[in-house]
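The block underneath contains the structure these notes are about, expressed in structure tokens.
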Amino acid sequence: MKFGIVTFPGSNCDYDAYHAVTEILGEEAVYLWHKDHDLQASDVIILPGGFSYGDYLRAGAIARFSPIMQEVAAHAKSGGPVIGICNGFQIACEAGLLPGALMRNSHLQFVSAQVRVRVENSGTLFTNLYETHEILRVPVAHGEGRYVASSEVLDGLENDARVIFRYADAKGNINADANPNGSERNIAGIINEGGNVLGMMPHPERACSPLVGSSDGVRLFESILARVAA
Amino acid sequence: MSKFRIAVHITPRKGLLDPQGKAVSDALHTLGFKAVKNVHVGRYVIIETDSYDAITAEEAVTEMCGKLLANPVTEDFEIESAVSA
């Protein structure tokens, strides 16, 4: 399976994603330059973390208009898998691929920490190798990660089981202490209606080896392989 | 075509948590400005554009706000009247 990793000016997790795909998964990966219009026949698109366009205006607001995003949107519309991680989640929201928005952390500080998330739905393209309510350890590193949406949108996400990850404590409790940024309902990751676009603030690609403190992110990528192979 | 200058005020949507405004409000209280009730921090954007007339320029800037300058989920915007530049 071929993964296409978009490099925007200011992306800084593109190599982490490349490493996870090629070295950990053993799959093929290519970098896709933001000015190109060619996904190079990639099966899965990753919008990586970073500070695209210096976070000018709003995080992700300018990257959304990068030429390659037209092809990414078409890929998503036709059911192709897209993973937006951190800045990639912000870009996916700005592009309308996912509902809601990411705002300044409620405590105003940049947060760089290993956090826990609880898997809320293990029936998705991205989570089928996890157990429901399994606790994962993954790092976060962001200043604008507070997920917000109207209460109607939030209720819709909940009712459709589209909230995929929630910040939780070690016992799986969902509470304010476990919430690193003030996200509504502790939401850390969601999918679109079609179930093929995932957006999440934590970094699964940086949790792919015991060397960096956690391997819990590996199965997210393996889930895609498992679903497509099935 | 004439040149116009249009200013846009973009502010956090009313009712949404505005931690930046809260932090500035707290700082003002510390400075002794106890009467301050609320502070909201937003952006001020100045657009200079060619247009046939002021109305057309304002309509264009409204469209720009909807598509790029403001996030419809989290922000409100107000456009000042176009002035000849």
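Its residue count N sets the reference 2.2 N^0.38 Å, and the alpha-carbon radius of gyration of chain A equals 0.91 times that reference.
When a/c is below 1.5 the answer is rounded, else prolate if a/b is larger than b/c, else oblate, so apply that to chain B with a ≥ b ≥ c taken from the square roots of the Cα gyration tensor eigenvalues. Judged from the Cα gyration tensor, chain B comes out prolate (a/c at least 1.5, a/b above b/c). Using R₀ = 51 Å, calculate the FRET efficiency as 1/(1 + (r/R₀)^6) where r is the Cβ-Cβ separation of B:ILE55 and A:VAL212; round to 0.05. My answer for the efficiency is 0.35. Amide H contacts of A:ALA29 (H built 1.01 Å from N, in plane; Pro and chain starts excluded): A:PHE3 sit under 5 Å, all sequence-distant by 5 or more or on other chains. What whole number of Å gives the distance from the Cα centroid of region A:66-91 to the Cα centroid of region B:1-50? If we compute the Cα centre of each part, the gap is 32 Å. In whole angstrom, how far apart do the alpha carbon centroids of region A:1-65 and region A:120-146 sit? Computed from Cα coordinates, the inter-centre distance equals 20 Å.
If you take every DSSP beta bridge whose two residues both sit in chain A, what share of them, in percent to the nearest 5, is antiparallel?
In chain A, approximately 60 percent of DSSP beta bridges are antiparallel ones.
Taking trypsin sites (Lys or Arg not before Pro) as candidate sites, keep only those in a DSSP loop with at most 15 other Cβ atoms within 10 Å, then name the longest stretch of chain B containing none of them. Free of exposed loop sites, the longest segment is B:38-85. Spread over its residues, the convex hull of the C-alpha atoms of region A:166-212 is 108 Å³ per residue. Pairs of Cα atoms in region A:9-133 fall into 5 Å distance bins, from 0 up to the last occupied one, in shares of 2, 10, 17, 23, 21, 16, 9, 2, 0 percent.
Rounded to the nearest 20 debye, the dipole magnitude of region A:1-145 is 460 debye, with +1 charges on Lys and Arg beta carbons, -1 on Asp and Glu beta carbons, and the Cα centre as origin. Taking the Cα centre of the protein assembly as shown as origin and assigning +1 to Lys and Arg Cβ atoms and -1 to Asp and Glu Cβ atoms, the resulting dipole is close to 780 debye. Taking chymotrypsin sites (Phe, Trp or Tyr not before Pro) across region A:27-121, the ones in a DSSP loop with at most 15 further Cβ atoms lying within 10 angstrom of their Cβ are A:TYR56, A:PHE110.
Bear in mind these aren't lab numbers, they're just calculated from the coordinates by the rules spelled out. In this text, all values refer to a predicted model and were calculated from it rather than measured experimentally. So basically every Cβ, Gly included, is an ideal-geometry build from the backbone, and we count neighbours across all protein chains shown.
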